[in-house]
1. Restricting attention to the stretch A:135-179, report how many residues are crowded, with 20+ Cβ neighbours inside 10 Å and basic (Lys, Arg).
2. Just to be sure I understand, how many residues within the stretch A:8-30 are assigned to a loop (DSSP other than H, G, I, E, B), within 7 Å of chain B (Cβ to nearest Cβ) and touching a residue at least 40 places away in the same chain (Cβ under 8 Å)?
3. Within the stretch A:54-67, does at least one residue satisfy the condition of being within 27 Å of B:VAL88 (Cα to Cα) and either in a loop (DSSP other than H, G, I, E, B) or basic (Lys, Arg) (or both)?
4. Among the residues that make up the stretch B:86-98, is at least one of them buried (at least 19 other Cβ atoms within 10 Å of the Cβ), at pLDDT 95 or above and within 18 Å of B:GLY276 (Cβ to Cβ)?
5. Among (1) more than 12 Å from chain A (Cβ to nearest Cβ); (2) in contact (Cβ under 8 Å) with a residue 60 or more places away in the chain; (3) not acidic (Asp, Glu), which single condition is B:ALA348 missing?
6. The conditions are (1) facing chain B (nearest Cβ under 7 Å); (2) in contact with a strand residue (DSSP E or B) (Cβ under 9 Å, 6 or more places away or on another chain), and A:THR89 fails exactly one of them. Which is it?
7. Starting from residues that are out of contact with any helix residue (DSSP H, G or I) (no Cβ under 7 Å at 6 or more places or on another chain) and loosely packed, with under 12 Cβ neighbours inside 10 Å, keep the ones in the stretch B:180-207 and report whichever is nearest to B:ARG165 (Cα to Cα).
8. Which one of the conditions (1) facing another protein chain (nearest Cβ under 7 Å); (2) surrounded by fewer than 18 Cβ atoms within 10 Å (Cβ to Cβ); (3) at pLDDT 95 or above does A:MET1 fail to meet, given that it meets all the rest?
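The values are calculated or read from the model by the stated rules, or taken from the named source; none is laboratory data. Just so we're clear, the structure is a prediction, and the values are computed from it rather than from any experiment. With ideal geometry, Cβ positions are generated from the backbone for all residues, glycine too; neighbour counts draw on all protein chains shown.
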Number of protein chains: 2
Amino acid sequence: MSTFQTVKGFRDFFPEECARRNYIFDTWRAVARRYGFMEYEGPLVESTDLYRKKSGDEITNQLYCFLDKAKREISLRPEITPSLARMVTARQRDFKKPIKWFQIGPCFRYEEPQEGRSREFIQFNADILGDSSPATSAELIALAIDVMLEFGVSADDFIIRLSNREIWNTFLADKNIAAEHMQTFLQIIDKIERARPEETEKKLAPIGLTLAEVRAFMAAADENHPAFAALRENLTARGLWQHIRIDATIVRGLAYYTGTVFEVFDLKHGLRALAGGGSYDKLCALMSDGHVDLPAAGFAMGDVVLGILLKKTPGAQMKLTEALLAASSIDAFVVVADEAQRLHALAAVQALRAVGIRIDYSFGSQKVGKQFQAAEDRKARFAIVFGAEYPEVVIKNLVARSQSSVPAANLVDEVQKLLQEPAIGPLIA
Amino acid sequence: MSTFQTVKGFRDFFPEECARRNYIFDTWRAVARRYGFMEYEGPLVESTDLYRKKSGDEITNQLYCFLDKAKREISLRPEITPSLARMVTARQRDFKKPIKWFQIGPCFRYEEPQEGRSREFIQFNADILGDSSPATSAELIALAIDVMLEFGVSADDFIIRLSNREIWNTFLADKNIAAEHMQTFLQIIDKIERARPEETEKKLAPIGLTLAEVRAFMAAADENHPAFAALRENLTARGLWQHIRIDATIVRGLAYYTGTVFEVFDLKHGLRALAGGGSYDKLCALMSDGHVDLPAAGFAMGDVVLGILLKKTPGAQMKLTEALLAASSIDAFVVVADEAQRLHALAAVQALRAVGIRIDYSFGSQKVGKQFQAAEDRKARFAIVFGAEYPEVVIKNLVARSQSSVPAANLVDEVQKLLQEPAIGPLIA
């Protein structure tokens with residue numbers, strides 16, 4: 001029993017949750033590196049002005065913002081993109097274009113915690129700066145797809161909803177509607193699936209549009225629309241177009257997206273979006289007061305909804321379970337059956353660890369049965385027994401229930417050899 | 001040029017610094033796992049009361065503490081130990097003892113930034129709870145030593161300064177000095193090496209001690225002192241005692257240590273301590289208002305001083321450089337020499353990545369020379385050229401300056417095979 005609690009919306013990562021978190025990190029990192037992305041990280045705290053510059057004053061409602069002891073206005077970061085824009089625009093000449101960078105780390109938003117949403121969450125961000133071609137969006141969408149597949153989430157389990165804000169520009173231009181209505185209009189589209197039709201109709205009227213004509217346009221905006229031609233060709237060549245569904249209602253809430261926009265959705269559980277992103281060609285110029293004008297695109301995937309999906313998806317669950325077992329197990333447990341051999345056992349512990357073998361043992365005198373129990377608890381594959389027969393050491397295979405004996409001098413070599421054999425259980429052996 | 005700066009004392013991790021950070025994380029993690037430690041993580045934000053409970057009201061001077069929008073007093077964590085005590089005491093029945101846990105993550109202190117000290121820093125923490133024997137301290141000290149060795153910092157480069165607060169208890173008892181003077185006395189000892197002798201003498205007088213008798217005791221407290229017998233036996237059996245220097249001035253500033261205390265110091269550059277720790281048997285009881293009484297010991301190692309040492313130590317620098325190269329390089333760069341083959345090249349990019357090979361390529365049409373330049377910039381080992389000879393694909397070894405040709409259908413197998421060969425430069429081949 002503890003006197004203290006976690007702060008509302010914050011999380012403890014006990015070893016099992018931490019191993020789950022690490023598995024998610026490792027998977028994100030491995031796939032991003034295959035794609036030639038380089039990892040970076042920004043600070044967890046930035047000046048509040050950085051976020052105001054990007055998102056306007058209202059953003060502070062959702063920020064953990066405060067004054068430090070020198071009265072600086074600072075905030076826990078709610079997202080990484082403003083830091084990325086700050087970093088890249090500060091040193092853009094140092095990096096070859098396109099810049100392909102990814103980042104993994106916590107973000108903070110002062111929102112009401114609920115399923116799939118906590119006040120602290122971890123994001124994977126992948127961004128490409130310095131290239132505005134559809135190949136950039138294709139590379140990012142392919143990465144998002146491959147991340148999902150790597151987690152064991154299959155084509156039956158998720159879909160990429162894809163759109164391009166420019167199709168709505170064209171639509172409004174065709175209807176002779178002023179560009180100033182764009183933001184309002186996109187906000188209506190963003191909510192069109194959840195809002196009642198009468199409500200949407202009422203909001204469209206002042207712009208001079210009807211729900212029927214919007215719906216007709218949406219239905220026509222399919223994968224044959226020229227806005228998607230280059231992306232389609234690219235992702236088809238990679239064998240990934242099957243994961244795409246054109247969906248003109250995807251506009252992404254944030255004002256700063258400029259072209260392609262996409263979200264990753266699960267197909268079976270009605271969860272929130274797993275990831276979302278798109279191109280944001282004007283952000284670097286905005287954040288650098290026009291000094292650095294770099295086109296950009298990127299997406300973010302959070303750990304919370306993803307974690308829920310992994311638990312609900314059998315193929316993903318299996319990979320996760322394997323990873324958790326690997327993280328929580330050790331290679332061998334050294335059993336001191338005869339206390340007179342403890343110092344020899346300690347020397348062996350050290351020698352085995354020195355070659356990278358994961359070893360645990362009991363710190364003090366304990367009955368042999370208890371030590372074997374500890375070996376099982378730690379999911380050790382082998383027990384290495386130092387008893388009266390020393391300098392002979394007994395190696396027990398706790399999976400195959402077999403055993404062998406080896407002179408202490410050969411122990412490290414022998415254990416290394418045994419660990420390279422596949423682990424076979426007693427039923428198979 | 002960017003309009004914004006990092007907040008004072010906070011750090012950007014551009015790709016090279018991030019790779020250096022990841023190398024430090026990976027090394028900490030690998031060695032801790034060899035020792036059978038399990039990873040956990042606490043929240044970055046805790047209630048300010050948690051830190052007051054452990055360290056008293058003055059701690060708030062060094063805290064990033066603030067009120068959230070619901071007027072909760074919360075703080076960015078200055079260290080992990082209070083969170084660890086909170087977590088373990090809340091669920092101690094769920095875990096077999098001894099609990100061997102480690103953690104890696106950022107901490108925050110509002111201090112004046114200077115060499116080796118920033119306001120945000122990353123710590124590696126290893127703790128053992130539920131066992132108060134000297135074997136616990138031995139395991140932690142062995143871990144600290146092996147971490148240093150794994151970084152390529154050798155016995156010539158670092159030392160563990162070891163002491164035990166109990167030797168001072170005995171000293172004071174022998175001198176018939178009341179236990180209430182212990183904390184004041186330890187603070188004098190803590191500063192004895194940096195303070196002028198007259199000053200120390202003046203501070204010792206009210207307790208009824210002279211500098212001469214303190215110095216005489218310190219000189220006598222060598223490795224033969226019975227307080228170190230069990231530790232010495234244990235670490236000698238592991239071949240690690242050579243790294244230890246008994247130093248009675250090591251008491252650790254923090255009030256909560258109860259027995260063994262140690263610090264890791266470099267031997268050549270006069271840097272601040274690289275790590276420090278000891279046993280703190282009463283903290284769990286304090287943090288749980290007496291509900292859970294678990295002995296404990298642990299240490300923390302920061303990334304800042306360590307990072308400086310790695311750069312200054314040739315053996316460590318070499319390992320670091322290798323790790324940075326591995327992190328920044330890719331396996332192969334796909335060169336599109338004939339744009340008519342781009343879609344075939346994209347299919348190959350996808351197929352190669354699918355088996356885990358790190359691949360990059362140019363997003364749009366580019367002169368072949370520029371693409372080869374990009375391959376070199378990305379430190380690719382191979383260039384895979386899609387030209388007019390397709391479906392034959394040319395594989396150029398950019399290290400050995402050799403080349404071969406392979407049908408596209410066999411490309412993935414062939415590249416996998418080539419990557420398993422050791423990389424040999426042109427001078428050797």
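1. The total comes to 1.
2. Within the stretch A:8-30, residues that are assigned to a loop (DSSP other than H, G, I, E, B), within 7 Å of chain B (Cβ to nearest Cβ) and touching a residue at least 40 places away in the same chain (Cβ under 8 Å) number 2.
3. Taking every residue of the stretch A:54-67 in turn, none turns out to be within 27 Å of B:VAL88 (Cα to Cα) and either in a loop (DSSP other than H, G, I, E, B) or basic (Lys, Arg) (or both).
4. There is no residue in the stretch B:86-98 that is buried (at least 19 other Cβ atoms within 10 Å of the Cβ), at pLDDT 95 or above and within 18 Å of B:GLY276 (Cβ to Cβ).
5. (1)
6. Result: A:THR89 passes all but (2).
7. Per the criteria, the residue is B:GLN183.
8. All conditions are met except number (3).
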